[in-house]
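Accompanying notes for the structure given below.
The values are calculated or read from the model by the stated rules, or taken from the named source; none is laboratory data. Predicted, not measured: the structure shown is a model, and the values here were computed from it. Note that we place each Cβ from the backbone using ideal geometry, even for glycine, and neighbour counts take in every protein chain shown.
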Amino acid sequence: MTELETIARWVSPGARVLDLGCGDGTLLKHLWQTRQAPGYGVEIDDAKVLECIRNDVNVLQMDLEDGLSVFQDGSFQCVILSETLQAIHRQEPLLREMLRVGREAIVSFPNFGYWRARIQIALGGHMPVSKELPYQWYDTPNVHHCTLVDFEALCAKLGLRVLERVVLRDGHPVGVLPNLLGSLAIYRVSAQPR
Amino acid sequence: MIVTPQKARFSEPLKLTGGAVLPEFEIAYETYGELNAARSNAVLVCHALNASHHVAGSYADDPENLGWWDNMVGPGKPLDTNRFFVIGNNYIGSCFGSTGPTSTNPATGKPWGADFPVVTVEDWVAAQARLADHLGIERFAAVMGGSLGAMQALQWALSHPQRVRHSIVIAATPRLSAQNIAFNEVARQAIMTDPDFHGGHYYEKGVVPRRGLRIARMIGHITYLSDDAMMEKFGRVLRRVTPGFDFDVDFEIESYLRHQGDKFSSYFDANTYLRITKALDYYDPAADFGGDLSAAFARAQADFLVVSFTSDWRFASSRSRQIVRALLDNRRVLSYLEIDAPQGHDAFLLDDARYFGALRAYFGNIAL
């Protein structure tokens, strides 16, 4: 199972979606084709914005760090932040903004608690480099890595409710010891109280 | 590409926003490419302040005279005339062929001059709709423009929601700021206080308020370039070996502005300039909706592409984002590009790989 499939499963048919850091628009195109979910992507990179336009995906070239003030409260069923959380400087305000403009948020990120990452630090003595984290420490867009435990602690702090969680490794769901054995975490959260 | 300007005449009176009525009028236009059998590939290109219907190509008898958006429009260009039927038009009140202050007033047999009414963006669109009817185009694949042309592209989506499939809005603003209006007013004052202006009746005196036009154009040019672009282009380079300690041209930028002013004042009509700047000042589609731009756009049905340039301080990106927000509120199909180009407002006329690449891709996805 891929991240794309997981997210598509969580998006109800026809839902309005906002994909933050949407890259070339692959996810939005997939959601439109499989779930008839219309939406917009936000992307800052020129080349990726051009790919979105080529893919006939609605794209808005804006900096996520500037917030989501162009979007009205509750204007999306689902706001997606796919493998972008770790590249954001200020996560807290962005997560709050996501749940201001959307009823639910889907957040995925590479799990820094994955055992290979731990071993590279603990035994190799260097920052992890892997399929999910392909960058050298001095040449990476990522600024804030976290683990499943860290992210869930942040959700608790912000009063966000975790509705679902899928943890993957090489496209396979991880059931046991996910913070150790999973390389990619995908959460569905809402701001609604329990 | 060799092109031929044409004119369409409309004898049905046109009631203008300001209350006046144009008893009859002509629109100068050019077309590029072929209208397909389904009549689904027409694109209307709207021009900004000093341009005309001559959008692309050149004339058989004047091969040097390239259209003002020739880099954008033509065979194989981003707006590809092998695929689209493109129409360049000159708005009414202009001085390049469509009915304007220099045209003959049928009531007097003399040039309209100062008596030509003030026209608005809405009036231009109403006149362009007549041209569309004349050409047998029920619905445009796209209406496109930059700056003042972008206001027309926006207004098309509001005045004739059913007739526009895509509105392409480049370097735009939903309304002028006080600062924008201030610059326009200084330009108008320069013209109107020129002793050769004669209250707008200078044609019959055989003079032209050139000094006023020159200054108006110089002011305009300052707002078209970013501070950085101007510094990059001219710096503090001197035109003479040492400063003269007099008031002749010392710096390159002075020479540039004087040259632009001279050139402009040799071909542009002062009464037209006054009216175009007024059309800019008045444009505010939100005005009838208590300033609520989202409510103004509720009737739009087109898909939108909005493009701004980060160094444009005349119509800054923040103004385009106001348009984007209003369109999002109405759930329009929409893409927005914020091009990090250094040239300022003029960037919309310049070839930039990101900007042109996006336009090419966007047009490529318009189904015919």
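Details
- For A:L95: the one exception among (1) buried (at least 19 other Cβ atoms within 10 Å of the Cβ); (2) farther than 21 Å from A:E152 by Cβ; (3) at pLDDT 95 or above: (2)
- Applying the criterion of being in a loop (DSSP other than H, G, I, E, B) and touching a residue at least 60 places away in the same chain (Cβ under 8 Å) to the residues of region B:317-349, the residue that is farthest from the other protein chains (Cβ to nearest Cβ) is B:G344.
- Flag for B:F363 being within 14 Å of B:I168 (Cα to Cα), within 11 Å of another protein chain (Cβ to nearest Cβ) and surrounded by fewer than 18 Cβ atoms within 10 Å (Cβ to Cβ): no
- Only one of A:L163, A:L181, A:L148 that is closer than 19 Å to A:L81 by Cβ, in contact with a strand residue (DSSP E or B) (Cβ under 8 Å, 6 or more places away or on another chain) and buried (at least 16 other Cβ atoms within 10 Å of the Cβ): A:L148
- Answer residue from region A:45-94, given it is more than 14 Å from every other protein chain (Cβ to nearest Cβ) and of a type in the set (V, I, T) and is nearest to A:L20 (Cα to Cα) among those: A:I80
- Only a single item in (1) surrounded by fewer than 19 Cβ atoms within 10 Å (Cβ to Cβ); (2) in contact (Cβ under 8 Å) with a residue 40 or more places away in the chain is not met by A:L64, and it is number (1).
- Test: residue in region B:205-219 that is out of contact with any helix residue (DSSP H, G or I) (no Cβ under 9 Å at 6 or more places or on another chain) and surrounded by 12 or more Cβ atoms within 10 Å (Cβ to Cβ): no
- Looking only at residues in region A:17-44 that are charged (D, E, K, R), within 14 Å of chain B (Cβ to nearest Cβ) and buried (at least 18 other Cβ atoms within 10 Å of the Cβ), the one that is nearest to the chain's Cα centre (by Cα) is A:D19.
- The helices (runs of 4 or more DSSP H) located wholly in region B:184-283 that include 1 or more residues which are among the aromatic types (F, W, Y) and in contact with a strand residue (DSSP E or B) (Cβ under 8 Å, 6 or more places away or on another chain) occupy B:227-234.
- Unmet criterion (only one of (1) within 28 Å of B:T277 (Cβ to Cβ); (2) in contact with a Phe, Trp or Tyr (Cβ under 8 Å, 6 or more places away or on another chain)) for B:L66: (2)
- Selection status of B:R354, at negative phi, in contact (Cβ under 8 Å) with a residue 24 or more places away in the chain and facing chain A (nearest Cβ under 10 Å): no
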